[in-house]
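Asks: Okay, here's the structure, questions in a sec.
Each reported figure results from applying straightforward, stated rules to the coordinates on display, with no laboratory input. The shown structure was predicted, so the numbers you read here are calculated from the model rather than taken from an experiment. Cβ atoms come from the backbone with ideal geometry, glycine included; neighbour counts cover every protein chain shown.
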Amino acid sequence: MSQILWSLTAARDLSRVPAAIREVLIARVDLLREYPLLGKAMQGEWRAFRQLVVSSYGIVYQLLPEDRGIFISYVRFPRSR
C-alpha cells in the first residue's frame, strides 16, 4: 500500500474546500493507495503528473519513483460559472 504525501499547497487547498466535499476528496485520494493509476495522465509539460477529478475538483498528483508513495501536488478548484 502506497504512502500518501500532501504538499503544503495541496493541504492549504484542501482546507478551503467545503467539509462535505473535503471528505469525498480524501476518500478518493485514499483509493490511490490501491489504484495509483486511477487518475488520468496529464499532457505536455505536466506529463509527469496525473489528475483525479472528483466533484469538479481536480486532484493533481505524482507517483514517486521506486514505489515511495503518491505526492499530492495541489487541488484544482472548479471554475466559476
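Asks: Determine the sum of side-chain charges near Val75: Lys and Arg each +1, Asp and Glu each -1, restricted to other residues whose C-beta is under 12 angstrom from that of Val75.
Replies: +4
Asks: If you don't mind, there's one more thing I want to ask. Each label point is 7 Å from the Cα along the Cα-to-Cβ direction; what then is the distance between the points at Arg68 and Arg22, in nm?
Replies: 2.9 nm
Asks: Now, a different point. With only Lys, Arg, Asp and Glu charged, each at its Cβ (+1 for the first two, -1 for the last two), find how big the charge dipole of the chain is about the Cα centre; round to the nearest 20 debye.
Replies: Dipole size: approximately 400 debye.
Asks: Here is a further query. If I build a Gaussian network model for the chain, linking alpha-carbon pairs within less than 10 angstrom, which residue out of Ala19, Ala11, Ala41 has the largest mean-square fluctuation?
Replies: Residue with maximal mean-square fluctuation among Ala19, Ala11, Ala41: Ala19.
Asks: Then there is this: Tell me, what ³J(HN,Hα) does each residue in the stretch 2-19 have, in order and in whole Hz, if you take phi through Karplus 6.51 cos²θ - 1.76 cosθ + 1.60 with θ = phi - 60° and put x for Gly and Pro?
Replies: Along the stretch 2-19, the couplings run 7, 7, 9, 10, 10, 5, 4, 4, 5, 5, 5, 4, 4, 5, 8, 7, x, 3 Hz.
Asks: Summarise the long-distance tail of P(r) for the chain by giving the % of C-alpha pairs beyond 20 Å.
Replies: I get 26 percent for the Cα pairs in the chain exceeding 20 Å.
Asks: Under 5 Å between amide H atoms, partner at least 5 residues away or on a different chain: which partners does Val54 have, H built in plane at 1.01 Å?
Replies: Distant-sequence amide H within range of Val54: Ile59.
Asks: Step through the residues of the stretch 71-76 one at a time and calculate ³J(HN,Hα) from phi using the Karplus curve (6.51 cos²θ - 1.76 cosθ + 1.60, θ = phi - 60°), rounding each to whole Hz and writing x for Gly and Pro.
Replies: Going residue by residue, I get 10, 7, 7, 6, 10, 8 Hz, with x marking Gly and Pro.
Asks: If contacts are Cα pairs under 8 angstrom and at least 6 residues apart, what is the relative contact order of the stretch 4-76 in percent?
Replies: 37 percent
Asks: Antiparallel DSSP bridges in the chain: what percent, to the nearest 5?
Replies: Given both bridge residues lie in the chain, the antiparallel proportion sits at roughly 80 percent.
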